[in-house]
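Presented below is the structure to which this report refers.
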Amino acid sequence: MLRNMSIIAEDENLLKRAAKYLRKLVAEKQADSTLISRDEFFDSLKRGEEEYRQGKTHRINSVEELHSFLNSL
């Protein structure tokens with residue numbers, strides 16, 4: 001990776017293309033509101049496990065129950 005970065009740094013055209021691509025990546029990440037950090041993901045799992053232990057979850061045993069639940073949202 002470092003070798004590739006040094007090659008890019010020595011070539012102005014490649015450097016411009018790399019910078020443009022990096023700006024695009026950053027813009028995509030900022031635009032995606034569904035992205036969460038690793039810590040947020042694991043915190044969400046812990047909250048879900050706790051809700052399950054407390055009986056605050058719904059069990060869906062069939063496709064019909066799933067359709068009914070989704071239609072109620």
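A few comments on the model shown:
- Listed conditions (1) surrounded by 10 or more Cβ atoms within 10 Å (Cβ to Cβ); (2) part of a helix (DSSP H, G or I) are all met by ASN13, apart from (1).
- Among the residues of the stretch 34-59, those identified as more than 24 Å from the chain's Cα centre (by Cα) and at pLDDT 90 or above are ARG53, GLN54, GLY55, LYS56.
- Residue list for the stretch 35-68, restricted to those being farther than 30 Å from LEU25 by Cβ, in a loop (DSSP other than H, G, I, E, B) and either in contact with a Pro (Cβ under 8 Å, 6 or more places away or on another chain) or open to solvent by less than 90 Å² (accessible area, probe 1.4 Å) (or both): GLY55, THR57, ILE60, SER62
- Flag for ALA31 being over 30 Å from LEU73 (Cβ atoms) and within 18 Å of the chain's Cα centre (by Cα): no
The values are calculated or read from the model by the stated rules, or taken from the named source; none is laboratory data. What you see is a predicted model; the values in this text were computed from it and never measured. Glycine also receives a Cβ, built like all others from the backbone with ideal geometry; neighbour counts cover every protein chain displayed. Each accessible area value is taken on the protein alone, full model and side chains, heavy atoms only, with ligands, DNA and RNA left out. Shrake-Rupley method; radii C 1.70, N 1.55, O 1.52, S 1.80 Å.
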